[in-house]
1. Given the Cα-Cα distance of Q168 and D49 and 0.36 nm per residue of separation, how much length would full extension add, in nm?
2. For each of K116, K30, count neighbouring Cβ atoms within 10 Å of the residue's Cβ, then give the residues from fewest to most.
3. By count of other Cβ within 10 Å, fewest leading, how are E119, E70 ordered?
4. Sorted by average packing, counted as other Cβ atoms within 10 angstrom per residue and highest first, what order do 41-52, 89-100, 6-17 take?
Amino acid sequence: MEVGTMIFIAVVVFVAGYAIVIYNNLVGLKHAVSQAWANIDVLLKQRHDELPKLVETCKQYMKHERETLEQVMRARAAVATAREAHDVDGVGQAEGVLRLGLGNLFAVAEAYPDLKANESFQHLQARITGLENTIADRREFYNASVNVNNVRIEQFPDLIIARLFSFQPARLLEFAVEEKADVNLGTLFS
């Protein structure tokens with residue numbers, strides 16, 4: 001066999017091997033994004049299951065705060081609908097509204113000493129706050145996974161394999177602007 005032919009075969013084998021490594025890395029990134037989303041989904045489901053208990057506990061004390069309680073339940077339903085539809089943007093928007101509603105609910109609860117002292121309320125508030133913190137951590141991890149995935153499928157030479165096998169960019173989980181706003185305690189108690 002000629003030296004030129006052997007070099008050509010070696011180059012082809014190297015390029016094919018490199019393409020396989022790139023493909024496998026992209027598949028791993030795609031599945032890391034899916035796993036990160038699944039972790040968020042589990043936490044959203046857990047919080048979804050806890051919210052009716054919190055609202056029911058609050059109803060017993062907060063007879064005049066029906067609007068705040070209804071806002072939380074509407075937002076809970078919107079998050080569930082978006083989550084079940086795998087709508088990352090919808091989850092982000094609904095999460096912003098839900099977090100605002102929970103902030104309002106916890107702020108309004110300050111006006112009810114009996115409610116604040118209720119063991120069930122304290123437990124549920126701590127559980128939901130813990131879930132909120134874990135969701136925030138998982139959201140950060142998910143968005144980092146999405147970013148790595150999206151960067152890799154746009155970088156050369158990975159983009160060649162990504163386009164050849166139709167790898168798609170993933171969407172960041174961004175919450176609505178309302179989530180970043182401070183709770184206006186004046187309007188809650190007027």
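1. Extra length available between Q168 and D49 comes to 39.6 nm.
2. K116, K30
3. Neighbour counts put them in this order, fewest first: E119, E70.
4. Averaged packing, sorted descending, gives the order 89-100, 41-52, 6-17.
Bear in mind these aren't lab numbers, they're just calculated from the coordinates by the rules spelled out. All values derive from a computational prediction rather than experimental measurement. Counting neighbours? That spans all protein chains shown, and the Cβs are built from the backbone with ideal geometry, glycine included.
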